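Presented below is the structure to which this report refers.
The values are calculated or read from the model by the stated rules, or taken from the named source; none is laboratory data. From a predicted model like this one, the values you see are computed outputs, not experimental measurements. Reconstructed Cβ throughout: ideal geometry from the backbone, glycine too, with neighbour counts over all protein chains shown. Heavy atoms of the whole protein, side chains included, go into the accessibility calculation; ligands, DNA and RNA do not. Shrake-Rupley method; radii C 1.70, N 1.55, O 1.52, S 1.80 Å.
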Amino acid sequence: QVQLVESGGGLVQPGGSLRLSCAASGSIFSIGAMGWYRQAPGKQRELVAAISSSGNTNYADSVKGRFTISRDNAKNTVYLQMNSLKPEDTAVYYCNAGIRVGGLKYESAYWGQGTQVSVSS
């Protein structure tokens, strides 16, 4: 059994910062790419940022220069540092990871439960 547990969401004023964390636990053999998605009310879930197991990153155009994704492989944790937040960043943020469970030969996609980020004055 594998779990992804997110933390760090909340309410922040425009221009503020938040740092999201997502820790994977369970019978983990290896973790491939990890990423953050978000879903605003009435909109489809979209990729915000992703990071490969070797540290290569990619970002949605809307967050480039403001958000930074990183990971700590020793802690099976991925982070999203969000700066210069805007009201349009308001959404539920979900962590995603490709995880190979011990004893299996393939990765499966796992999702966290989501954490609310609200940007408002």
Filtered residue count, the range 75-86, keeping only those that are assigned to a strand (DSSP E or B) and buried (at least 17 other Cβ atoms within 10 Å of the Cβ): 5
Total residues in the range 17-38, condition surrounded by 15 or more Cβ atoms within 10 Å (Cβ to Cβ) and not in a strand (DSSP E or B): 0
Long-range neighbours under 8 Å by Cβ, at least six apart or interchain, first residue more than 18 Å from Cys22 (Cα to Cα) and free of Cβ contacts under 8 Å to residues at least 24 places away in the same chain within the range 46-75, second among the aliphatic types (A, V, I, L, M) and open to solvent by less than 40 Å² (accessible area, probe 1.4 Å): Ala60/Val48; Ala60/Ala49; Arg66/Met82; Arg66/Leu85
Selection from the range 87-121 of residues that are basic (Lys, Arg) and either within 14 Å of Gly26 (Cα to Cα) or open to solvent by less than 20 Å² (accessible area, probe 1.4 Å) (or both): Arg100
Tally of residues being open to solvent by 30 Å² or more (accessible area, probe 1.4 Å) and either closer than 22 Å to Lys105 by Cα or in a strand (DSSP E or B) (or both) across the range 39-51: 3
Qualifying residue in the range 4-16 (condition: aliphatic (A, V, I, L, M), surrounded by 15 or more Cβ atoms within 10 Å (Cβ to Cβ) and part of a strand (DSSP E or B)): yes
Matching residues, the range 85-107, being in contact (Cβ under 8 Å) with a residue 60 or more places away in the chain and over 26 Å from Gly16 (Cβ atoms): Ala97, Gly98, Ile99, Arg100, Val101, Gly102, Gly103, Leu104, Glu107
Tally, over the range 94-121, of residues that are among the small types (Gly, Ala, Ser), within 12 Å of the chain's Cα centre (by Cα) and farther than 13 Å from Gly10 by Cα: 2
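Looking only at the range 8-21, decide whether some residue is under 23 Å from Lys105 (Cα atoms) and modelled with pLDDT of 95 or more.
No, because not a single residue in the range 8-21 is under 23 Å from Lys105 (Cα atoms) and modelled with pLDDT of 95 or more.
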